[in-house]
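The values are calculated or read from the model by the stated rules, or taken from the named source; none is laboratory data. Keep in mind that this is a model prediction, so the values were computed, not measured. Using ideal geometry, Cβ is built from the backbone for each residue, glycine included, and neighbour counts are taken over all protein chains shown. Each accessible area value is taken on the protein alone, full model and side chains, heavy atoms only, with ligands, DNA and RNA left out. Shrake-Rupley method; radii C 1.70, N 1.55, O 1.52, S 1.80 Å.
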Amino acid sequence: MLMTKILFCDVDGTLTGTVSGATFKSNPRDVLVLPGVENALAHYAKEGYLIIGISNEGGVGAGHKKLEAAFEEKQYTCLLLPQLDAIYFCPDFAGQILCRADRDTATEVQVESGKYSSFRKPGAGMIEYCLFLYGSDVGKCWMVGDRPEDEKAAEAMGINFIAADVWRGKFTAV
């Protein structure tokens with residue numbers, strides 16, 4: 001059986017920053033694609049990787065933004081980066097809720113209670129769910145991230161990890 005190769009990408013700080021220059025996105029369109037990202041994603045797509053964004057969305061859990069705004073932001077990110085199949089994110093601090101957004105849809109994912117570990121990174125629930133959903137194994141996957149919790153989530157699932165700045169640097173034009 002042919003297994004899907006997956007490139008898991010943290011979103012904020014790895015794929016995107018803010019147009020406004022603020023630390024956190026101030027509105028759903030305050031999304032800036034970081035240098036090197038488009039070339040990197042194009043390379044991995046050409047190599048046959050399914051590309052999935054995974055993100056904690058603590059702003060929702062902390063009450064700084066509504067879930068609808070997070071959905072709109074993730075959908076806009078998918079429009080800016082068409083190689084992304086979807087973005088999965090966890091909007092609650094307890095790590096119990098999993099959401100999915102792509103260019104056309106945005107929804108809370110219905111999962112069997114207790115089947116996956118915490119969806120909030122450093123928990124590996126988002127990765128675990130996607131490995132099952134897309135039919136992949138850890139040996140065919142990579143995780144790119146900019147924070148310790150990204151690396152810990154990859155480590156918890158036994159997935160190869162590369163730091164976002166190193167990854168983007170390989171594809172940034174000189």
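How big is the gap, in Å, between the Cα center of the range 111-128 and the Cα center of the range 136-164?
What the calculation gives is 14 Å, centre to centre.
Which GluC sites (Glu not before Pro) in the range 3-103 sit in a loop by DSSP (not H, G, I, E or B) and have at most 11 other Cβ atoms within 10 Å of their own Cβ?
Details: sites: E38, E47, E57, E68, E72, E73; in loops: E47, E57.
Of the GluC sites (Glu not before Pro), the ones in loops of the range 3-103 whose Cβ has at most 11 other Cβ atoms within 10 Å are E47.
What's the carbon and sulfur percent of the chain's accessible surface, probe 1.4 angstrom, rounded to a whole number?
On the way: 4480 of 8500 Å².
Ligands and nucleic acids excluded, carbon and sulfur give 53 percent.
I need the shape label for the range 37-77. Rule: rounded when a/c is under 1.5, else prolate if a/b > b/c, else oblate, with a, b, c from the alpha carbon gyration tensor.
Numbers: a/c = 3.60, a/b = 2.97, b/c = 1.21.
Prolate.
Compute the distance in nm between two label points, each set 7 Å from the Cα along the Cα-to-Cβ direction, one at Q110 and one at N160.
Label-label distance for Q110 and N160, simple model: 3.7 nm.
Quick check for you: with a 1.4 Å probe and neighbouring chains kept, what is the accessible area per residue of the range 37-79, in Å²?
Details: 1930 Å² over 43 residues.
On a per-residue basis, the range 37-79 sits at 45 Å².
Taking K and R as +1 and D and E as -1, what net charge do the other residues with C-beta under 12 Å from the C-beta of V31 add up to?
Working: positive: K25, R29, K74; negative: D12, D30, E72, E73.
Net local charge, V31 excluded: -1.
Top mean-square fluctuation among V19, V138, V60, Gaussian network model of the chain, C-alpha springs under 10 Å?
With Cα springs under 10 Å in the chain, the top fluctuation among V19, V138, V60 is at V19.
Would you report the distance distribution of C-alpha pairs in the range 71-160 as whole percents per 5 angstrom bin, up to the bin with the largest distance?
Histogramming the range 71-160 at 5 Å steps yields 3, 14, 22, 25, 23, 12, 1 percent.
If the cut-off is 18 Å between C-alpha atoms, which lysines fall inside it for K46, apart from same-chain ones fewer than 8 positions away?
Counting by Cα, and skipping residues close in sequence, K46 has these lysines nearby: K5, K140, K170.
I need the chymotrypsin sites (Phe, Trp or Tyr not before Pro) found in the range 44-126, filtered to DSSP loop residues with at most 16 other beta carbons within 10 Å of theirs. Numbers along the way, then the final one.
Details: sites: Y44, Y49, F71, Y76, Y88, F89, F93, Y116, F119; in loops: F93, Y116, F119.
Loop-located and lightly packed - F93.
Which of the lysines could be linked to K66 by a straight reach, that is with a Cα gap under 24 Å, when you skip same-chain ones fewer than 8 residues away?
Straight-line reach from K66, under 24 Å: K25, K74, K121.
Any idea how far apart H64 and V33 come out in nm if each label point goes 7 Å out from Cα toward Cβ?
It works out to 2.5 nm between the two label points.
Give me the distance in nm between label points sitting 7 Å out from Cα along the Cα-to-Cβ direction at D137 and A22, one decimal.
4.6 nm
Could you quote the convex hull projected area for the range 111-173, Cα atoms only and averaged over all directions, in nm²? Each step should come with its number before you reach the end.
Details: hull surface 18.8 nm².
Reported value for the Cα convex hull: 4.7 nm².
Provide the three semi-axes, in whole Å and in decreasing order, of the ellipsoid equivalent to the chain as defined by the square roots of 5 times the Cα gyration tensor eigenvalues.
On the way: eigenvalues 90, 89, 42 Å².
That gives 21, 21, 15 Å for the three semi-axes.
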